[in-house]
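We did not get these values from a lab; they are worked out from the coordinates using the rules stated. The shown structure was predicted, so the numbers you read here are calculated from the model rather than taken from an experiment. Note: ideal-geometry Cβ built from the backbone for every residue, glycine included; neighbour counts use all protein chains shown.
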Amino acid sequence: MSLKDALQHYLSVRDGIRDARFLVASRTPASFHGDSGISELWMEHERIEAGMECSGACDRSFLDLKIEIAERILGECSLCPWRCGVNRQMESGRCGVMGPRVASEFLHYGEEAPLVPSHTVFFSGCTMRCVFCQNWDISQNPSTGRHIEVDELAAIIEERRRMGAANVNFVGGDPTPALPYILRVLSVVSISVPVVWNSNMYMSTESVRLIMGAADLYLTDFKFGNSECAERLAGVHDYFEVVSRNHLMIAGEDMIIRHLVLPGHLECCTMPIISWVAENLGTDTVMNIMGQYRPLYRASAYPEINRPLYLEELEEARRWALREGLENII
């Protein structure tokens, strides 16, 4: 399968051939009310996912339903695997995020070729604490940037699209703590623009379900090939189990998987990830094997990653991907 075929849906939205998924969701009838229990809301969500016809009042939309569920979750937060259970309108959890803050937004020309120019919206805060984070000043400082009202960001997204943006690209840090806010923003956007979910994928199953049907392309970051390296270098538990599960949940959707090759981690991380992707997601999966690692942030405290990546390590990673049959390496 060619790159064009692998990203067929996203490219058709980018080129104006079909509407973005969030617009389709905003036109898909849903039936629920404000005093519905969370289990009832999820049942309605499942019904719509299954393509069943609406029954009842049907005066709300699938996007409205996603927002309602996301807001309920925010009150006892389980958006990521930490499941802090706090009311994030009143206090922050492990991510440190209360009201989402935008560190920057601009037309980005440094993303993968099918994505540029990409309207990147960088959110502060993250669900992980990678000691080598290239954006540590954003990811580890949830208070940086500013809060942008929903209507204002929606207007900015529309204007960037008119300026030639290929998409709107929600990134960070990580966008997961801002998921309810992002869904509200999309409910106000009135023109079709592809939504790129640019995430480390360390998310709860609920969050994955909520962004599915609203995103047009998943730009994922698959960092570690095992949970032990992830716990030591990113401070998270059950990493491989969580992130591999979430990739399986979006299997069949348009995605580009990024993997930053870490020094000294070919056998424990890079090779297992590549092999898992080929076996479980298919050899036509689009994968960006990245060699731009630099020892930033707190990397100096970890000897094996306190150096630049050797060219030989990147070449070995790419050879392994070819050996495993991956067809779309970028």
The chain, relative contact order [Cα under 8 Å, separation at least 6], %: 17 percent
Per-pair calculated FRET efficiency, R0 = 25 Å: I17 and E152 via Cβ, rounded to 0.05: 0.30
Given charges at beta-carbon only (K, R positive; D, E negative), |dipole| of the chain in Debye: 620 debye
Segment 218-231 - phi-based ³J(HN,Hα) in whole Hz, Karplus 6.51/-1.76/1.60, Gly and Pro as x: 9, 9, 9, 10, 9, 8, 10, x, 7, 7, 5, 4, 5, 5
Alpha carbon Rg of segment 1-104, scaled by the compact-globule rule 2.2 N^0.38 Å: 1.34
Phi to ³J(HN,Hα) by Karplus 6.51 cos²θ - 1.76 cosθ + 1.60 over segment 198-208, Hz, x for Gly, Pro: 9, 9, 6, 6, 8, 10, 6, 4, 4, 5, 4
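Which peptide among 243-251, 319-327 comes first, and what is the full order, when sorted by highest mean count of other Cβ atoms within 10 Å?
243-251, 319-327
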Relative contact order (percent, whole number), segment 266-330, Cα cutoff 8 Å, 6+ residue spacing: 50 percent
Modelled FRET efficiency - R0 35 Å, D284 with N141, Cβ distances, 0.05 increments: 0.35
Overall Cα dimensions of segment 231-317 - principal axes, largest extent first, Å: 39, 30, 20
Approximate shape of segment 176-248 as ellipsoid semi-axes (Cα gyration tensor, √5λ), whole Å, largest first: 27, 11, 10
Scattering curve values for segment 126-207, log₁₀ I(q)/I(0), Debye with Cα scatterers, q = 0.15, 0.22, 0.23, 0.24 Å⁻¹: -0.60, -1.14, -1.19, -1.24
Value of relative contact order over segment 13-141, rounded to a whole percent, pairs C-alpha under 8 Å and six or more apart: 15 percent
Cut-off 18 Å (backbone N to label point 7 Å along Cα→Cβ of Q292), residues of segment 86-130: 104-123
Pair M163, Q89: separation of 7 Å Cα→Cβ label points (nm): 3.3 nm
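Once you have the Cα-Cα distance between N226 and R323, take 0.36 nm times their residue separation minus that, and quote the gain in nm to one decimal.
On the way: separation 97, 0.36 × 97 = 34.92 nm, distance 2.08 nm.
Net length gain for the segment: 32.8 nm.
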Dipole of segment 1-131, positive direction: furthest Cα of M43, C77, A57, with charges on the beta-carbon: C77
Amide hydrogen neighbours beyond the local backbone of M255, cut-off 5 Å, H modeled: Y218, V286
Computed log₁₀ I(q)/I(0) - Debye formula, equal Cα scatterers, no solvent, segment 43-148, q 0.22, 0.25 Å⁻¹: -1.12, -1.22
Residues whose placed amide H lies under 5 Å from that of N328, excluding near-sequence neighbours: M287
At R0 = 41 Å, FRET efficiency that the Cβ-Cβ distance of A301 and H33 yields, to 0.05: 0.20
Whole-Hz couplings from phi, Karplus 6.51/-1.76/1.60, listed for segment 276-291; x for Gly and Pro: 5, 4, 4, 6, 9, 10, x, 6, 8, 4, 7, 9, 9, 8, 9, x
Packing-based order for 189-195, 176-182, using average beta carbon neighbours within 10 Å, highest first: 176-182, 189-195
For the chain, fraction of C-alpha pairs farther apart than 37 Å, in %: 14 percent
Net length gained if the chain between M1 and L107 were fully extended (0.36 nm per residue, minus Cα distance): 35.2 nm
